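Reviewing the structure listed below.
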Amino acid sequence: MDLAIVHPTVVLRVLVADGAALANEGLIAMLADLDGISVFGCAQEPAKVLALIQSVRPDVVVLDLQLPGEKGVQLIRHIKVEWPGLIVMVLSHYGLTPIREGCLKAGADYFFEKSTELASLVETLETMLRSKQS
């Protein structure tokens, strides 16, 4: 008799951080439709992002580059120094090459332009989830 290997439900823990409440709500609603991916927090300010990372310990932070009070690149550097294994996915309205390159150089793992690459963000999360399951 062949026994199939059954993987337990793997949850990719995601923290959403966007300066606009409506953007957070939309992103959370979009991610809620994905099996195995759970949003474990939401923040609009850098201090709350850092506090939630400390307490929730997500696998991924989806980070708006334009949070109030701190430059996005500085926040990316801070996150990667404190939690080097945390995946940082940057979302921005500004997909210009220098901005994209600056974020990646600061330690972001991925960069997506809000207006054209949300589907790529979702595909990347789904790929990450599949790799955790295997």
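Numbers at a glance
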read-out: Residues of type aspartates and glutamates that Lys114 reaches as a straight line, Cα spacing below 13 Å, ignoring anything fewer than 8 places off in the same chain; value: Asp18, Asp64
read-out: Among Ala23, Ala106, Leu125 the positive-end extreme of the charge dipole of the chain (Cβ point charges); value: Ala106
read-out: Formal net charge of residues neighbouring Leu34 (Cβ-Cβ distance under 15 Å; K, R +1; D, E -1); value: -2
read-out: Eligible lysines near Lys48 by straight Cα distance, threshold 18 Å, same-chain separation 8 or greater; value: Lys71, Lys80
read-out: Calculated [θ] (222 nm, deg cm²/dmol) that DSSP helices of n ≥ 4 give over the chain, each run adding -39,500 (n - 2.57); value: -14000 deg cm²/dmol
read-out: Exposure proxy order (Cβ contacts within 10 Å, fewest to most) of His78, His93; value: His93, His78
read-out: Sites Leu34 and Gln74, calculated FRET efficiency, Cβ-Cβ separation with R0 35 Å, nearest 0.05; value: 0.70
read-out: Net dipole in debye of segment 16-133 [+1 Lys, Arg Cβ; -1 Asp, Glu Cβ; about Cα centre; nearest 20]; value: 400 debye
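Since every read-out is calculated from the coordinates, none of them should be taken as a lab result. Since this is a predicted model, take the numbers as computed values, not measurements. Cβ sites come from the backbone with ideal geometry, for glycine too, and all protein chains shown count toward neighbours.
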